[in-house]
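Please read the structure below before turning to the comments.
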Amino acid sequence: MTQVLIIGYVWPEPRSSAAGSHMMELIHCFQAQDWQVTFASPAQLSAHMEDLSALNIDAVSIELNSETFDRYIANLQPDIVLFDRFMMEEQFGWRVEKACPNALRILDTEDLHFLRNARHTALKQQRPMVPEDLFSEMAQREVASIYRSDLTLMISDYEIQLLTSQFGVSEDLLHHLPFMLDPEKLDQPRPAYTERQHFVSIGNFRHAPNWDAVLWLKQQIWPKIRKQLPDAELHVYGAYPPPNATALDNPAEGFLVKGWAEDADEVVRNARVLLAPLRFGAGIKGKLVEAMINGTPNVTTPIGAEAMSGGLPWGGQIEDNAHDFAQAAVGLYQDEAQWQSCQKMGDRIIREVYDRKPLADQLIQHIQLLRETLNSHRMFNFTGSMLRHHHHRSTQFMSQWIETKTRLAELQAEPQAATDG
């Protein structure tokens, strides 16, 4: 049986974030092949994490900078190792290669962190992003991790184009894998336009682009909408709301911070319009596919809609400033014909861009091909082998130094503990 080891930056929380949902889509895809999946992470257990044991998935806590991982993976001997985000490849890649040199190593980016950071920097400086913003230390780390991996899963075709054109990454190292959804869900009953009311915004508060969007809504966009629709409310949902987020709750203004949504589909499905004023970010947005699959038209920004429609007409409205965003939201909320047209366009995007079956088939075929041709594939990725040689050496020595330092501290503490006892 094929053994898959996923090394996660965090434990998957499919009801908290799009990244968590996408990870579970990947896991289900692997399990459909009768592959045995193990999920390992150095992160603390979380309240909203998926119950992996109920899905017959081994959940293993691992340590950073510890030889215990070496013993663990040498015993497991996985056929495929998937690193969830480049930081995990940096930490564990050399250990995996040393213990399991023939294992296929896959990097799941979720989104390009350096692109998101570059856009955030430009926004904070109140200027457009320029190409120079991309060439950061984080870009060096992330692109190097892509080269060191046998295959990198990219959720955005815009980011594939960026990597190939700006950084010279070969398309042979990349695989486009957006969200994998079940279009049959579109056939389920959904509330009609007249059965819905209010606006909704949803997104994990720990994700900086979501928090910025909430502040922009509160300070500039929602007052303009509320002035024209005095009876409308905006319901703001998201996991892990901090005190400064709940402090924004103001029923008199119709701005209601609801926090954690037990059933995100339900709250989105019963709203008339979803608002996603994202001013920076990367990847593609789970909240927008969630809106489309629940038949809820949206208003978002060019950043929000980036790489999401496969060239098809958008299932809502796209605006990039507070005034036009508010006007688009009011128009969509009041115009039933426009609303229904946007809903149909959203349905088409789900069916043609996010259909789980062809996406899963293409991924498995690519993985199987690489497993059969792994030696030649690596031979043609000389840059990757060179980066692995130099990076893994430096990372290995640093990790072993930290490990030794920690062990010495423990040994020094033992006599003191015995004396205190």
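Starting from the range 67-96, take each residue that is touching a residue at least 24 places away in the same chain (Cβ under 8 Å) and part of a helix (DSSP H, G or I) and list its partners that are open to solvent by 10 Å² or more (accessible area, probe 1.4 Å) and among the hydroxyl-bearing types (S, T, Y), counting only C-beta distances under 7 angstrom and pairs at least six apart or across chains.
What qualifies is M87/Y9; M88/Y9; E90/T395; W94/T395.
Name the pairs whose Cβ atoms lie under 8 Å apart, with the first residue in the range 294-314 and part of a strand (DSSP E or B), the second aromatic (F, W, Y), and 6 or more positions between them or separate chains?
Here the result reads V299/F325, each pair linking the range 294-314 to a residue that is aromatic (F, W, Y).
State the number of residues belonging to the range 244-272 that are open to solvent by 40 Å² or more (accessible area, probe 1.4 Å) and either in a strand (DSSP E or B) or more than 22 Å from P14 (Cβ to Cβ) (or both).
Adding up the residues that qualify gives 9.
What are the residues in the range 200-221 that are in contact with a helix residue (DSSP H, G or I) (Cβ under 7 Å, 6 or more places away or on another chain) and more than 19 Å from A282 (Cα to Cα), if any?
V200, Q220, I221
List, please: which pairs have Cβ atoms under 6 Å, are six or more places apart or on different chains, and start with a residue in the range 371-383 that is under 13 Å from L173 (Cβ atoms) and end with one that is in a helix (DSSP H, G or I)?
H377/L370; T383/Y147
Consider G311 carefully, then state whether it is within 22 Å of A19 (Cβ to Cβ) and out of contact with any strand residue (DSSP E or B) (no Cβ under 8 Å at 6 or more places or on another chain).
Criteria not met by G311.
I'd like to verify a number: residues in the range 30-66 that are part of a helix (DSSP H, G or I), of a type outside the set (S, T, Y) and surrounded by fewer than 20 Cβ atoms within 10 Å (Cβ to Cβ), how many? Walk me through how you get there before you give the answer.
To start, the set of residues in the range 30-66 that are part of a helix (DSSP H, G or I) comprises 30-31, 52-55.
Filter once more, so that each one left must be of a type outside the set (S, T, Y): 30-31, 52, 54-55.
Okay, now just the ones that are also surrounded by fewer than 20 Cβ atoms within 10 Å (Cβ to Cβ), so 31, 52, 54-55.
Of the residues in the range 30-66, 4 are part of a helix (DSSP H, G or I), of a type outside the set (S, T, Y) and surrounded by fewer than 20 Cβ atoms within 10 Å (Cβ to Cβ).
Going by the structure shown, is L76 farther than 17 Å from W11 by Cβ, of a type in the set (A, V, I, L, M, F, W, C) and open to solvent by less than 60 Å² (accessible area, probe 1.4 Å)? Spell out the reasoning first.
On the way: farther than 17 Å from W11 by Cβ: yes; of a type in the set (A, V, I, L, M, F, W, C): yes; open to solvent by less than 60 Å² (accessible area, probe 1.4 Å): yes.
Answer is yes for this residue.
So which residues in the range 87-111 are in contact with a Phe, Trp or Tyr (Cβ under 9 Å, 6 or more places away or on another chain), hydrophobic (A, V, I, L, M, F, W, C) and under 17 Å from N381 (Cα atoms)?
Of everything in the range 87-111, those that are in contact with a Phe, Trp or Tyr (Cβ under 9 Å, 6 or more places away or on another chain), hydrophobic (A, V, I, L, M, F, W, C) and under 17 Å from N381 (Cα atoms) turn out to be I106, L107.
Does E352 satisfy being within 26 Å of L181 (Cα to Cα), in contact (Cβ under 8 Å) with a residue 40 or more places away in the chain, in a helix (DSSP H, G or I) and touching a strand residue (DSSP E or B) at 6+ places or on another chain (Cβ under 8 Å)? Walk me through how you get there before you give the answer.
Values: within 26 Å of L181 (Cα to Cα): yes; in contact (Cβ under 8 Å) with a residue 40 or more places away in the chain: yes; in a helix (DSSP H, G or I): yes; touching a strand residue (DSSP E or B) at 6+ places or on another chain (Cβ under 8 Å): no.
Considered against the rule, which asks whether it is within 26 Å of L181 (Cα to Cα), in contact (Cβ under 8 Å) with a residue 40 or more places away in the chain, in a helix (DSSP H, G or I) and touching a strand residue (DSSP E or B) at 6+ places or on another chain (Cβ under 8 Å), E352 comes out as no.
Which residues, counting only those in the range 232-243, are out of contact with any strand residue (DSSP E or B) (no Cβ under 7 Å at 6 or more places or on another chain), touching a residue at least 12 places away in the same chain (Cβ under 8 Å) and open to solvent by 30 Å² or more (accessible area, probe 1.4 Å)?
Y240, P242
Of everything in the range 97-133, what is more than 21 Å from A40 (Cβ to Cβ), in contact with an Asp or Glu (Cβ under 9 Å, 6 or more places away or on another chain) and assigned to a loop (DSSP other than H, G, I, E, B)? Give them in sequence order.
The answer is D111, L112.
Scan the range 220-243 for residues that are closer than 20 Å to V268 by Cα and part of a helix (DSSP H, G or I) and jot them down. Write out each step before concluding.
Just the residues of the range 220-243 that are closer than 20 Å to V268 by Cα, to begin with: 221-222, 225-226, 229, 231-241.
Across the range 220-243, the qualifying residues are I221, W222, I225, R226.
Here is a yes/no grid of residues against (1) among the hydroxyl-bearing types (S, T, Y); (2) open to solvent by 20 Å² or more (accessible area, probe 1.4 Å); (3) within 18 Å of the chain's Cα centre (by Cα):
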position: A276; (1), (2), (3): no, no, yes
position: G281; (1), (2), (3): no, no, yes
position: V289; (1), (2), (3): no, no, yes
position: I303; (1), (2), (3): no, yes, yes
position: W314; (1), (2), (3): no, yes, no
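The values are calculated or read from the model by the stated rules, or taken from the named source; none is laboratory data. Every value quoted in this text rests on a predicted model; they were computed, and no experiment measured them. No Cβ is skipped: glycine too gets one built from the backbone with ideal geometry, and neighbour counts run over all protein chains shown. With ligands, DNA and RNA removed, areas are computed over all heavy atoms of the protein, side chains included. Shrake-Rupley method; radii C 1.70, N 1.55, O 1.52, S 1.80 Å.
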